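Only the coordinates and a few stated rules stand behind these numbers; no lab work does. What you are looking at is a predicted structure, and each value in this text was computed from that prediction instead of being measured. With ideal geometry, Cβ positions are generated from the backbone for all residues, glycine too; neighbour counts draw on all protein chains shown.
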Amino acid sequence: MKVVVAVKRVVDYNVKVRVKSEGTGVDIANVKMSMNPFDEIAVEEAVRLKEAGVATEVIAVSAGVAQAQETLRTALAIGADRAVLIESNEDVQPLAVAKLLKALIDREQPSLVILGKQAIDDDSNQTGQMLAALAGLPQATFASKVTIEGGKATVAREVDGGTETLSLTLPAVVTTDLRLNEPRYVTLPNIMKAKKKPLETLKPEHLGVDVTPRLKTLKVAEPPRRSAGVVVPDIKTLVEKLKTEAKVL
Ligand code: AMP
């Protein structure tokens, strides 16, 4: 059973992003970039399926600039077998990524496609859903447990106030939530091994996909600054202020 995993190169989650002065986006010049955290969980899950003897091959795929190769090398170091970079200097938006992944799964015919539930840069939460629709595949989003057996995936999903369990016929699309697993640390020997694993580079044209952006960002703004708090001398004053100023009592 082949598993395809989508990994996106994003600004590292520890970086405090700054909005560009023109308000057109965030400044990513000289900023640390890493694999989208939900995609690390996706790769970990795929590799665990392989280690459990359920999957036979794990293929990591990324769409984006040439430096996304580093992100793919990380996926290979976690344990993916090979990688495909679909190289483009465009801002590859979720619909374009879904079309690229659809073209790639037509070629690879995997039984399972695992994506993150959302990319922490655009927070779209769209790509997995669009891919499932374009490919006509069943989908389970926000997965917190995945079990594969007898040509079916049983997926526990995080929903408001609990979990929902779905049974999907393979091939299927799954998107990961935070509780699915805890990704392993990448060790130096595995980073070295990853350098020798195959990494293929394609262009969107090779897959017959037009990645021209369909959405235009009109404005990006910092959240409003919080005003400073005040120290009150006693509870009586606090209650008074909550009643008269905050008007929450
Ligand atoms: P989004 O819909 O943008 O929030 O992204 C959801 C998931 O789709 C991510 O966690 C990735 O698994 C996948 N994805 C989005 N953009 C890309 C990309 N450029 N390359 C590879 N995978 C992507």
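Annotations
- The residues neighbouring LEU207, those whose beta-carbon lies less than 11 Å from its own, together hold a net charge of +1 under the Lys/Arg +1, Asp/Glu -1 convention.
- Of the beta bridges in segment 2-244, as assigned by DSSP with both residues counted there, near 40 percent are antiparallel.
- Label-point gap, in nm, between ALA228 and ALA52 - each point 7 angstrom along Cα→Cβ: 5.5
- Shown in residue order for segment 135-145 are the 3J(HN,Hα) couplings computed by the Karplus curve 6.51 cos²θ - 1.76 cosθ + 1.60 at θ = phi - 60°: 8, x, 10, x, 9, 10, 8, 6, 6, 10, 7 Hz (x for Gly and Pro).
- Built amide H within the under 5 Å cut-off of VAL26, gap 5+: LYS20
- About the centre of its Cα atoms, segment 166-239 shows a dipole size close to 240 debye [charges on the beta carbon of Lys, Arg (+1) and Asp, Glu (-1) only; nearest 20 debye].
- Relative contact order of the chain, defined on C-alpha pairs under 8 angstrom at six or more residues apart (%): 23
- Estimated FRET transfer efficiency (VAL239, TYR185; beta-carbon r; R0 45 Å; 0.05): 0.35
- Segment 126-182-segment 211-227 distance, computed between alpha-carbon centres (Å): 30
- Relative packing of 138-148, 224-234, 183-193, which averages over residues the other C-beta atoms within 10 Å, highest first: 138-148, 183-193, 224-234
- Computed from label points 7 Å out along Cα-Cβ, the spacing between LYS193 and ALA246 is 5.5 nm.
- Rounded FRET efficiency, nearest 0.05, which uses the C-beta distance separating VAL26 from GLN67 and R0 of 25 Å: 0.90
- Each Lys and Arg contributes +1 and each Asp and Glu -1, all at the Cβ; summed about the Cα centre of segment 2-244, the dipole is approximately 360 debye.
- GNM remark for the chain: springs join alpha carbons under 10 Å apart, and the peak mean-square fluctuation among VAL58, VAL239, VAL220 falls on VAL239.
- Projecting label points 7 angstrom from Cα along Cα→Cβ for MET1 and THR154 puts them 1.3 nm apart.
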